[in-house]
1. For residues that are modelled with pLDDT under 80, within 33 Å of the chain's Cα centre (by Cα) and open to solvent by less than 70 Å² (accessible area, probe 1.4 Å), tally how many sit in the stretch 97-116.
2. Let me spell it out: the conditions are (1) part of a helix (DSSP H, G or I); (2) modelled with pLDDT under 75; (3) among the hydroxyl-bearing types (S, T, Y), and S19 meets all of them except one. Which number is the exception?
3. Do we have E268 as modelled with pLDDT of 75 or more and of a type in the set (D, E, K, R) here?
4. Look at W176 and say whether it is open to solvent by less than 40 Å² (accessible area, probe 1.4 Å), of a type in the set (F, W, Y) and at pLDDT 75 or above.
5. Answer yes or no: is there a residue in the stretch 352-363 that is charged (D, E, K, R) and either open to solvent by less than 50 Å² (accessible area, probe 1.4 Å) or farther than 23 Å from I270 by Cβ (or both).
6. For the stretch 34-47, what are the residues that are modelled with pLDDT under 80 and either out of contact with any helix residue (DSSP H, G or I) (no Cβ under 8 Å at 6 or more places or on another chain) or not in a loop (DSSP other than H, G, I, E, B) (or both)?
7. Is it fair to say W416 is among the aromatic types (F, W, Y) and buried (at least 17 other Cβ atoms within 10 Å of the Cβ)?
8. Take the residues of the stretch 388-407 that are out of contact with any strand residue (DSSP E or B) (no Cβ under 9 Å at 6 or more places or on another chain), open to solvent by 10 Å² or more (accessible area, probe 1.4 Å) and of a type outside the set (F, W, Y): which is nearest to L316 (Cα to Cα)?
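The values are calculated or read from the model by the stated rules, or taken from the named source; none is laboratory data. Small disclaimer: the values here were computed from a predicted structure and weren't measured. Cβ: placed from backbone, ideal geometry, glycine included. Neighbour counts: every protein chain shown. Remember, those area values only see protein heavy atoms, side chains included, never the ligands or the DNA or RNA. Shrake-Rupley method; radii C 1.70, N 1.55, O 1.52, S 1.80 Å.
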Amino acid sequence: MNKKKILLAILFLIIIVASNFVVIRHTENIQDIGVTLHVEAEAHNDTDLQAYFKQVNYANDDFSAAHVSTVNVTKDQGMNDYEISLPGDVTAVRLNPSNALNDNITYKKVYLAYKDTVIAEYDLDDSHYNQELRYYSWDVDNDKTLSIVTDARSTRNLILKIIVCAVIDILLIVIWVKIDRIAIIPRDVISNRKLVMSLAKNDFKQKFAGSYLGTIWAFVQPIITVLVYWFVFEKALNVGTQSTKAGIAIPFVLWLIAGLVPWFYFSEVISSGTIAMIEYNYLVKKVVFKISTLPVVKAISSLFVHLFFVVFTVVLYSCYSYLPTLYTLQLIYYSFCMFVLSLGLVYALSAIMVFFRDMSQIVNVLLQIGMWMTPIMWNMDAMAGRIPGWAMTILKANPMYYIVNGYRDSLYNNMWFWERPGMTAYFWIFTIIILLGGMAIFRRLQQHFADVL
């Protein structure tokens, strides 16, 4: 083994040890904390059993319609145990059917639990019953709840951290072993960087060639989209969307644009990058041209508009007295995160597109679904207790969740990315796997591009 290999091995060993230390010692619990309200009841008519709740993080003086979990109760099924999901930081709960004034439900037992561990049982007596509105309400010992939940989950979180460490170690070892093959595409891009920048500028101009306003359309369309969503969610559907906007402490237009700006870039790169080989088929057929640079061309081409909207967003926040701070510089980091993630996906999708032309239509459908699965126009924190824990985990596994949250952390939450070590570790593990996998697929298929095209 030569000196270069030895130094590289030492570097990778240091990275492995450091990353394992950070994951074990400094990452937060990976999963959300949630509890279950068990209600043994019998319904005389079909109804929705509602559990309104208060939380530590929300300064609400009374129970709010934005913080409610619901389960359907069916008549003529006898006494059943109904389970209602609640957030782990619940401080009080109010229980009543949706049509409580009809006296259509009989309670037998109510208790709060985490899995099989009972946290508290609640009395069904007059001291907890509102005779006029006919609902029960109880205070929750939040310290006891969090203590039980944390103790119950400590072992599982340790196992999850060990799994994360194992994945990081395996990933770094694979990179070290395959470093020569992995470096082929990055070397091509770096050696042809001037050509890449030239093609990116030309690609940006070509999108609007022939129109009177030219590249101005690249900036007008996203602004119109932001205004339409803002009007619909803030004005036209204001009452109907209160639950999705609960917990948002800043003007909704600011919260909305912080999510839309990164999504505009991501969706543009994915949709345009998927057809990169088809669009530049005349270059693909040239033996001397490095076609591995084309996905990078598409990613850089879309950056021009994205950088404009990042500046536009900072200016808009400043108009609302949210002035730039040191945290705002993180927008560069999160933009880079999104660049790497989208590049990995484009390498795979553009290669597959050559052989499977329906891929572009599938991508467009998935982007539509992905937009609504990402908390861009709705506040995921406000939905705790209304969405099952497993569903919340799936939603947060979306890498764009990390980026959208990162933009909001940079603009108004004032939180550094290393203060979310668990999400940061997950994002980069996922992204590096996608990037390496995308480049591997591209390298494997590129030798057949010219024949198919």
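1. Counting residues in the stretch 97-116 that are modelled with pLDDT under 80, within 33 Å of the chain's Cα centre (by Cα) and open to solvent by less than 70 Å² (accessible area, probe 1.4 Å) gives 1.
2. Of the numbered conditions (1) part of a helix (DSSP H, G or I); (2) modelled with pLDDT under 75; (3) among the hydroxyl-bearing types (S, T, Y), the odd one out for S19 is (2).
3. yes
4. Details: open to solvent by less than 40 Å² (accessible area, probe 1.4 Å): no; of a type in the set (F, W, Y): yes; at pLDDT 75 or above: yes.
No, not satisfied.
5. Initially, the stretch 352-363 is screened for residues charged (D, E, K, R), giving 357-358.
Keeping just the survivors that are either open to solvent by less than 50 Å² (accessible area, probe 1.4 Å) or farther than 23 Å from I270 by Cβ (or both) gives none.
Taking every residue of the stretch 352-363 in turn, none turns out to be charged (D, E, K, R) and either open to solvent by less than 50 Å² (accessible area, probe 1.4 Å) or farther than 23 Å from I270 by Cβ (or both).
6. As a first pass, look at the stretch 34-47 and keep what is modelled with pLDDT under 80: 34, 43-47.
The answer is G34, A43, H44, D46, T47.
7. Working: among the aromatic types (F, W, Y): yes; buried (at least 17 other Cβ atoms within 10 Å of the Cβ): no.
Spelling it out, it is not the case that W416 is among the aromatic types (F, W, Y) and buried (at least 17 other Cβ atoms within 10 Å of the Cβ).
8. N405
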